[in-house]
Each structure stands twice: as structure tokens, then as C-alpha cells.
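First comes the structure, then the notes that go with it.
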Amino acid sequence: MRNEHDQPPPQWPNPAINDALWARALTVAAVAVLTRLPRRLRKRHPHGVLFASRRFCIKVRPGGDLALAEAHAMRLVARHTSVPVPRVYCAFTHRSQGYIVMERVDGEMAWRAWMRRPAEARRRILEQLKGMVQQVRAIPPPTAWASPTPLKFHESLRNGIVTEGVRNVPDDLRELVEFHETPDPGPVVFTHGDLSSLNVLVRGDQVVAIIDWETAGWLPAYWEYACAWNVNPQNEFWRHEVDKFLDPMPYELGMEAIRRKYFGDF
């Protein structure tokens, strides 16, 4: 999961899902009760997910658009692939909060005891993840979907900065802008956008779910690799695993390093 920031979200059609009045009322009431429980009794996932029962969990986040986008992304993946994702039962916005009621998956985040896992178990997990990524990248965009072009996406990543006609621009920044403004940047593919070990749930040596789809969308093909490699500090070991489930893109990774140097994460 990203820390306090989100990448520019794709433009999804974001209607609520199964948001009957009784479902909305029950969900909001459940969240109110769960958040008032003493901390020692409260079961909460680090991704801001409340565990309502053995079968259900509820994700709540500020703003509704990203929550609804995540819910639609999971339903899309479930519809077009065999990739395991939590089943979405209900998703809606209420008072500027987004709510997703979804399946609670029995598994642990891959980072837990990763280095103590047998090498063969790690290999099997990464091999499964590689196949799942290939399926996800093959999902076609729906006809109703309207995405920013790669040029617009890249422009948003560098806050609209241009270098043409500007003097004293650092060479690496000029190279970044040239890369971002390439007329043919390559394929645009469906992308999770945060494939860290915190977002891969495993049980034994089986991947049982990929979670946290709030940054998903059809994005330049290198973006998955750059985001998976640029993990948060407590997850740095994952960098040594990324090349085992994603095709290495060292040049594009270098360009993203330049972008982060000047513009931060997002």
C-alpha cells in the first residue's frame, strides 16, 4: 500500500455496487461499531481494512472515487482472469468516505517471514505471481472506459513541467521529459500499480489473493515494474524478487528514478 499518497488515478466509470439502502446503512453502522471497540479487541488490517467477521471485511478510505475504482478493478480482474482477488459484495460513498464490503481472504502478506521460507516455496510463489501478472496485463479496456493518454499521464507525474525553450535545465531532467514525450511509448496494459509483498496474500506456498487495487488502471507497460521496484523502506528486500515475476526494464526504471528525484513519489 502507498504511504500517504496516491498516483494520479485513472478515469474509471465509478457507479456504486449493490448499494441498496439497507446495505449502506448496515455497513456504515458496522464501521461505527468496529471503530469504537477497544484497540485490543479491534481486528484491523494495516491497509485500513476492518475485519467484520470471518467472511467479511470493510475497507474505508477518505474520498469515494478511489474506493469505487478499486472495487471495479477487482470485479474486472475476477471477470477476465483466474487471478485470486477478494470478492466485492458492496461499494459506495457516504459523506465523502468510500466503503468496500468484500470477502475476507484467509492468508498472510508475503513479506512475513519471507527470507525464512524455503527457497522452493519462494520460487513457487513468484512463479504464480508472474503468471497472474501476465493475465492481468492482457485485460482489454472496456468500451466505456476513458483514460488519460500516456502523454497526459506522464505530464501529470511531473506536474506539467516542460523543458523546451528553457535554459539551464539539468541534463537528466531534460532526458526525462524527452522520455515522457516519446510519441510511441509502447503498449498500455492493465496495471496493479503497487505489487509489493504487502499486497500479495499467501497460504503456504500458494498465492491466495492480490489485494489493494486502488492504483490500478491501463498504464504504460513499464509502470508496474517501476512501482514494484520502488517499494517502501521496510519492504526493500522485495527489490531482489521483482525481476522474477516482471520483465526487467532498467532504462525505464532509471527514468522513474530521475522523476522521483525532482518530483517525489507522486
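The values are calculated or read from the model by the stated rules, or taken from the named source; none is laboratory data. Remember, predicted model here, so these are calculated numbers, not experimental data. So basically every Cβ, Gly included, is an ideal-geometry build from the backbone, and we count neighbours across all protein chains shown.
Quick notes
- Residue count, segment 162-173 (criterion: surrounded by 13 or more Cβ atoms within 10 Å (Cβ to Cβ) and free of Cβ contacts under 8 Å to residues at least 24 places away in the same chain): 2
- Filtered residues of segment 113-156 (kept if among the charged types (D, E, K, R), surrounded by fewer than 14 Cβ atoms within 10 Å (Cβ to Cβ) and in a loop (DSSP other than H, G, I, E, B)): none
- Scanning segment 201-225 for residues that are under 11 Å from the mean Cα position of the chain (by Cα) and farther than 15 Å from residue 150 by Cβ turns up 210, 211, 212, 213, 214, 215, 216.
- The single condition among (1) out of contact with any helix residue (DSSP H, G or I) (no Cβ under 6 Å at 6 or more places or on another chain); (2) polar (S, T, N, Q); (3) modelled with pLDDT of 90 or more that residue 11 does not meet is (3).
- Tally, over segment 89-105, of residues that are at pLDDT 95 or above and either surrounded by fewer than 20 Cβ atoms within 10 Å (Cβ to Cβ) or not in a strand (DSSP E or B) (or both): 4
- Count of segment 204-262 residues which are assigned to a helix (DSSP H, G or I) and in contact with a helix residue (DSSP H, G or I) (Cβ under 8 Å, 6 or more places away or on another chain): 19
- Criterion violated by residue 159 - all others in (1) more than 17 Å from residue 249 (Cβ to Cβ); (2) in a helix (DSSP H, G or I); (3) touching a residue at least 60 places away in the same chain (Cβ under 8 Å) satisfied: (2)
- Every pair of residues 6+ apart whose Cβ atoms lie under 9 Å, when the first sits in segment 57-85 and is closer than 11 Å to residue 100 by Cα while the second is of a type in the set (A, V, I, L, M, F, W, C) and part of a helix (DSSP H, G or I): 58/30; 58/31; 58/34; 59/67; 59/71; 60/31; 60/67; 61/67
- Taken as a whole, segment 170-193 holds at least one residue that is part of a loop (DSSP other than H, G, I, E, B), closer than 30 Å to residue 103 by Cα and either under 16 Å from the mean Cα position of the chain (by Cα) or aliphatic (A, V, I, L, M) (or both).
- For first residues located in segment 223-247 and in contact (Cβ under 8 Å) with a residue 12 or more places away in the chain and crowded, with 21+ Cβ neighbours inside 10 Å, partners that are among the hydroxyl-bearing types (Ser, Thr, Tyr) and part of a loop (DSSP other than H, G, I, E, B) and lie 6+ apart or on another chain with Cβ distances below 9 Å form the pairs 227/196; 227/215; 228/196.
- Given (1) in contact with a Pro (Cβ under 7 Å, 6 or more places away or on another chain); (2) of a type outside the set (Gly, Ala, Ser); (3) touching a residue at least 40 places away in the same chain (Cβ under 8 Å), index of the condition residue 97 fails: (3)
- If the condition is being over 14 Å from residue 173 (Cα atoms) and not aromatic (Phe, Trp, Tyr), then segment 237-252 contributes 239, 240, 241, 242, 243, 244, 246, 247, 248, 249, 250.
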